[in-house]
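Here is the structure we will look at.
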Amino acid sequence: FSNWAKWRDRNRLNVIELPGVYVIALSEQDISGTSFKWRQEVIYVGMTNSKGGLKSRLQQFENTIKGGEGHGGASRVRYKHPDHEGLIPRLYVSVWPKTCNVLSNQPSDLRAMGEVAKFEYECFAYFVEAFHQLPEFNDKKRSRKK
């Protein structure tokens, strides 16, 4: 994973145009620039294999927490944290990009996309092992959306 970055600085992360897994934390403490580690402040884990890569998926998350639609997890975040301007300074993101061509049907690219999907579930497992529950906004029973 990349070092933690402030949400506002997410587009500066390396290779953000690639598919991959992303982890979002809500922290009162500035964790930007620190090495990734699993922490209780993690509120969401997601992945993308889309053509637009992590950059596009994180923008969908942003659009949804601002009041739009398109990202289910972000809808749950917005339901609990409707004040976008108050939320943003406390949001952080770390990414795990995976090099592959999402438009390709080459076995190596298909396997790489499968690794992304599998790694998202590995991340859920790591979190549950450490904190005995899913991140808040991945847990559909614990968090609601409108």
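Summary table
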| read-out | value |
| --- | --- |
| Residue match in region 100-112 (condition: touching a residue at least 60 places away in the same chain (Cβ under 8 Å) and closer than 15 Å to Glu41 by Cβ) | no |
| Cross-chain or 6+ apart pairs with Cβ under 7 Å, region 113-136 first and more than 15 Å from Trp96 (Cβ to Cβ), then of a type in the set (Lys, Arg) | Glu136/Arg142 |
| Selection status of Glu28, more than 19 Å from Lys118 (Cα to Cα), touching a Gly at 6+ places or on another chain (Cβ under 8 Å) and assigned to a loop (DSSP other than H, G, I, E, B) | no |
| Residue ranges of helices (runs of 4 or more DSSP H) in region 31-146 with at least 3 members of a type in the set (Ser, Thr, Tyr) and under 14 Å from Val21 (Cα atoms) | none |
| Residues of region 50-66 that turn out to be more than 22 Å from Asp139 (Cβ to Cβ) and either open to solvent by less than 50 Å² (accessible area, probe 1.4 Å) or charged (D, E, K, R) (or both), as a count | 8 |
| Matching option when the condition is free of Cβ contacts under 8 Å to residues at least 60 places away in the same chain, under 30 Å from Asn105 (Cα atoms) and open to solvent by 10 Å² or more (accessible area, probe 1.4 Å), among Glu85, Glu41, Glu17 | Glu17 |
| Test for Glu120: is it at pLDDT 95 or above, within 23 Å of Asn49 (Cα to Cα), acidic (Asp, Glu) and touching a strand residue (DSSP E or B) at 6+ places or on another chain (Cβ under 6 Å) | yes |
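The values are calculated or read from the model by the stated rules, or taken from the named source; none is laboratory data. Predicted, not measured: the structure shown is a model, and the values here were computed from it. Neighbour counts are summed over all protein chains in view; Cβ atoms, including those assigned to glycine, are modelled from backbone coordinates with ideal geometry. Accessible surface areas use protein heavy atoms only, side chains included; no ligands, DNA or RNA. Shrake-Rupley method; radii C 1.70, N 1.55, O 1.52, S 1.80 Å.
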